[in-house]
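The values are calculated or read from the model by the stated rules, or taken from the named source; none is laboratory data. The structure displayed is predicted, hence computed values, not measured ones. Counting neighbours? That spans all protein chains shown, and the Cβs are built from the backbone with ideal geometry, glycine included. Accessible surface is based on the protein model in full, side chains and every heavy atom, while ligands, DNA and RNA are left aside. Shrake-Rupley method; radii C 1.70, N 1.55, O 1.52, S 1.80 Å.
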Amino acid sequence: MHGRPRKAPTTEEQEAYAIKASKLRSLQSQFLQFHHNKIYTKEALDVSAKLLESNPEYYTAWNYRKLAVQHNLNLPDGDNNEEFIKSILDEELKLVENALKKNFKSYGAWHHRKWVLSKGHSSTDKELLLLAKFQKADSRNFHAWNYRRFVTTLKNIPDEKELEYTTDMIYDNFSNYSAWHNRSVLLSHLLKEKAKGYSPKDNVLTEEYEFVRHALFTDPDDQSGWFYHLWLLDQTVKLDTLLVSSWPPHGCNLSLSMDGSFGDCSFSPFTSLQSNTRTLPLILYFSEAVENICSSTVEVECENIVSNELVWTSLSGDGTGFAQAWLTYLNFPEEHAHSEKAYQVKVNLARSQGIFSSTGVHHGNSSHIEFTVSVPPYHSEHVDLKNEGKISWSEESFCTHDAQFLESDLVNPFHLERTKVDEKVVDYQWNITTINDEIAHCRELLSTMNCKIGKLTLARLLMAHDTLMSYTSTSHRNVSHHTEILQLYDDLKKMDPPHLHYYQDECSLVLLKQIISNQELLLKHCRKYRDPSSPRINNFCLRLNNLSLSRIGSMELLLWVQVLDLSSNQLKTLEGLEVMQLLSCLNVSHNKLCSFTALEPLRLLRSLKVLDISYNEIGAHSIDTRRYLCSSPLNHRSGDHWKPEESEMHGAEVADYWEAYAIFKDLNLIQLDVIGNAVSDEKIKLLLIKLLPSLKWLDGESCR
């Protein structure tokens, strides 16, 4: 445990273990006989007590003791007999105490003691004295600290007094993880209640930064203080939930293309959208996951659209009801649509107690979005995209866009993605000043020593600083520390190889943020498809290939993307792409996707027509636990989405490839590439052709 190598037992130790095991088996056999026959005599209780004192981890025996207590309390002698009740419960407390002497970290023993005290007939005065003895033996034991919080709640001991005790314990030992954690729990409650002396929050956190700094500079290699510092950082950057971006963005003039073609490069992804219907997706993206986005919390004003009839959907598959991105569809009427018409759309999010995040933070600002949608005349005939040619993702198929054209259009996503706030502008000066001070202290510490967790903390501080600056005026948005952060993570990869994958993921998120939030860098990754007439797709492509990305992020800045190339990276999941509701063409070939389950976010993309997942690792791993994250007949999350009668129509192939069935059955792909995966045999191809009636191209060959 905890990196300590096991030693092979000696012969004498093995013999002792064998004798002990024999005695335990005998006790266990007797106990189970009493348990199964619901016998709660003194003899039976003595056997269970001996068993628990020898093996406190035997949870079944603790449950038996609870049943026995309930049984004995219901006897006639127990009616309103306080002494009788107390004697039974005191016996349980004594047993727990003996068991804890055997194993101080027994979950079952601590839980049983809580259960006994919850009965309300036992004195709590002794408990803190007992805890003092236990915590003297092991001051960091989190079971004891957890039980202490339970006891102080029963005794109504003020949080302020407990905070003083925690301070004393930290001064005794800076490396007391549990004391630091208890401090964060107590302060969270005091700050939330705005207790006397703990408001304003800014002053309290400033004092806490000074307090933890003593521990960090005393022993920089001890991680306990750094974890508390991370909690303080989280409190510093935890702001009111904000609407950070939307599609369409505020202030844009959008044109719907109904003929399926964008024509020449005068059409851009920022001002035009292809649609075979008179429907426009409206996406709201928040600073953190929220719930209760509905017609009562979001008002949409537009001619011929009734706000109360709009249905908002969370773009998340976790089933919690919380999501950072929410989606609804604006349907523009067909009647009287004989000429192009411009619709003014206004979206209002009032300061609402109804919208709150998974961390309990309410949407704190009134936000307002306005944009214009130009809808062309209605035509009864619809474009059949299946008659178009196939897309090629080769380098020769793309060329650079006109820089001046792009620079003028990129004003939209970078200067208008933040919504207007009707209320006064929130002042983040204390937050930014505090982060700057901590950055300076962290750099001071690192100038004297090469501290691994110090470098990690500095990277997090710099990232937090850039995030806060992005919420201020637009003039500060290009101020970033991305290059320094990437260098810190590169250093950490060398210093801490066991956590290489974590650092690689963080590098990927920072690199994407660096590219997408900087107009000049983004221009280098924008390409034009050379043949815009075949197929009829938006000829503007964002190419983020060959960047060694293992994760994708900054999705709030990618809502406008319709054609995306993520090929030749190190992606193992496509989590996050579900918010890109305009995405029509996606290339994730030559990555490290291990199963069809990794494609689950794509199920929510109604506009997706072209998908390349070739040359990944799908089917190459005999055991892939992530496959069970996918909706299946055995997964409760599948709910009403799984229809057995539909799967039976596709034959036995579904039994072997139910992940593929679950992913592809609702997609409307025209072109799909799966070649180069271990699973790309004829059997799976036949199933895909059955599942995708709109499919024309499979692995570069016509399948119709």
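Quick look at the numbers
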read-out: Selection count, the range 199-218, where residues are without any contact (Cβ under 8 Å) to a residue 12 or more places away in the chain and among the hydroxyl-bearing types (Ser, Thr, Tyr); value: 1
read-out: Pairs with Cβ under 6 Å, 6+ apart, first in the range 36-62 and farther than 21 Å from SER87 by Cα, second part of a helix (DSSP H, G or I) and among the basic types (Lys, Arg); value: PRO56/LYS102
read-out: Residue list for the range 275-318, restricted to those being of a type in the set (D, E, K, R), in a loop (DSSP other than H, G, I, E, B) and open to solvent by 20 Å² or more (accessible area, probe 1.4 Å); value: GLU303, ASP318
read-out: Per-region count, the range 577-588, residues open to solvent by 10 Å² or more (accessible area, probe 1.4 Å) and over 18 Å from GLN274 (Cα atoms); value: 1
read-out: Cβ-Cβ under 7 Å pairs, at least 6 apart or on other chains, the range 124-144 side under 16 Å from ILE157 (Cα atoms) and open to solvent by less than 10 Å² (accessible area, probe 1.4 Å), far side part of a helix (DSSP H, G or I) and of a type in the set (Phe, Trp, Tyr); value: LEU131/TYR147
read-out: Of all residues making up the range 78-119, the number that are outside any helix (DSSP H, G or I) and within 12 Å of PRO56 (Cα to Cα); value: 4
read-out: Within the range 145-173, tally of residues that are open to solvent by less than 50 Å² (accessible area, probe 1.4 Å) and in a helix (DSSP H, G or I); value: 13
read-out: Given (1) touching a residue at least 12 places away in the same chain (Cβ under 8 Å); (2) open to solvent by 40 Å² or more (accessible area, probe 1.4 Å); (3) assigned to a helix (DSSP H, G or I), number of the condition LYS494 does not satisfy; value: (1)
read-out: GLU659 vs. criteria over 31 Å from the mean Cα position of the chain (by Cα) and at pLDDT below 90; value: no
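For every residue, the table says whether it meets (1) in a helix (DSSP H, G or I); (2) open to solvent by 70 Å² or more (accessible area, probe 1.4 Å); (3) of a type in the set (Asp, Glu); (4) within 17 Å of ALA99 (Cα to Cα).
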{"residue": "ALA21", "(1), (2), (3), (4)": "yes, no, no, no"}
{"residue": "SER26", "(1), (2), (3), (4)": "yes, no, no, no"}
{"residue": "SER29", "(1), (2), (3), (4)": "yes, yes, no, no"}
{"residue": "PHE34", "(1), (2), (3), (4)": "yes, no, no, no"}
{"residue": "ALA44", "(1), (2), (3), (4)": "yes, no, no, no"}
{"residue": "VAL47", "(1), (2), (3), (4)": "yes, no, no, yes"}
{"residue": "LEU51", "(1), (2), (3), (4)": "yes, no, no, yes"}
{"residue": "THR60", "(1), (2), (3), (4)": "yes, no, no, yes"}
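A quick yes/no check of all residues on (1) among the basic types (Lys, Arg); (2) under 26 Å from GLU193 (Cα atoms); (3) touching a Ser or Thr at 6+ places or on another chain (Cβ under 6 Å); (4) at pLDDT below 90:
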{"residue": "LYS133", "(1), (2), (3), (4)": "yes, no, no, yes"}
{"residue": "ALA137", "(1), (2), (3), (4)": "no, no, no, yes"}
{"residue": "ARG140", "(1), (2), (3), (4)": "yes, no, yes, yes"}
{"residue": "ASP172", "(1), (2), (3), (4)": "no, no, no, no"}
